[in-house]
Amino acid sequence: MQKWFKIVRRRRRRTSSVTKHYIDNKEAARALVHARLEFFNTHYGLIYKRVAIRNQKRCWGSCSALGNLNFSYRLLFIPPELCDYIIVHELCHLKELNHSQRFWDLVGETIPDYKERKRAIQKYDHLSVKDMLVV
Ligand SMILES: [Zn+2]
């Protein structure tokens, strides 16, 4: 168990390239994520532990069973309403670690148009940060 965990972490670290752009924007992304998490959590009142800002390209955010939240620094470069959707999505996973109707109902409490936002974000899924700055 312990060993498997270490292998996964090592592999992740190798694939996430640390770029200057990431270093330059990481703290701004962290401030944004914390502000929006706190804003939406006044509604949900959930408990989360560590919040990490990563240079991940394949995924906007994730939530672990331990209550840790991870977000891509790329959130800084997408429209605010889509950023909010990602943040609420991961926040709601603290209560429902699945994509059941119960989960979506929870998301819908603060993001009633989550279906549209979920669709809209797909446009940004495969764009690099450089591409996003000109979208
Ligand atoms: Zn999810």
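Taking K and R as +1 and D and E as -1, what net charge do the other residues with C-beta under 13 Å from the C-beta of Lys130 add up to?
After counting each charged neighbour, the total is +2.
Can you tell me the dipole magnitude for region 44-92 around its Cα centre, using point charges on the Cβ only (Lys, Arg +1; Asp, Glu -1), in Debye to the nearest 20?
300
Set the Förster radius R0 to 25 Å, insert the Cβ-Cβ distance between Asn68 and Asn98 as r into 1/(1 + (r/R0)^6), and round the FRET efficiency to 0.05.
FRET efficiency, Asn68 to Asn98: 0.90.
Quick one: which residues, 5+ away or cross-chain, put their amide H under 5 Å from the amide H of Arg54? H built at 1.01 Å from N.
Phe71, Ser72, Tyr73
Explain nothing, just compute: Karplus ³J(HN,Hα) = 6.51 cos²θ - 1.76 cosθ + 1.60, θ = phi - 60°, for every residue of region 74-81 in order, whole Hz, x for Gly and Pro.
Rounded to whole hertz, the list is 5, 4, 5, 10, 10, x, x, 5.
For the chain, go through all pairs of different Cα atoms, get the mean of 1/r, take its inverse, and jot down that Kirkwood value in Å.
15.6
Evaluated at 37 °C with a viscosity of 0.692 mPa s, what Stokes-Einstein diffusion coefficient in µm²/s does region 67-112 have when Rh comes from the Kirkwood expression over alpha-carbon pairs?
296
Rank the residues Val18, Val107, Val33 as a footprinting-exposure proxy: fewest other Cβ atoms within 10 Å of their Cβ go first.
Val18, Val107, Val33
Mind checking the full-extension length gain between Asp125 and Lys20? Use 0.36 nm per residue of separation minus the Cα-Cα distance, one decimal, nm.
My answer for the length gained is 35.7 nm.
About the Cα centre of the chain, what is the dipole size in debye to 20, counting +1 per Lys and Arg Cβ and -1 per Asp and Glu Cβ, all else neutral?
That gives a dipole near 1160 debye.
Taking θ as phi - 60°, what are the ³J(HN,Hα) couplings along region 94-104 by the Karplus curve (6.51, -1.76, 1.60), each to the nearest whole Hz, with x for Gly and Pro?
Per residue, the Karplus-derived 3J(HN,Hα) values read 5, 9, 10, 8, 6, 10, 6, 4, 4, 4, 5 Hz.
We did not get these values from a lab; they are worked out from the coordinates using the rules stated. It should be emphasised that the depicted structure is a prediction, and the values quoted were computed from it without experimental measurement. So basically every Cβ, Gly included, is an ideal-geometry build from the backbone, and we count neighbours across all protein chains shown.
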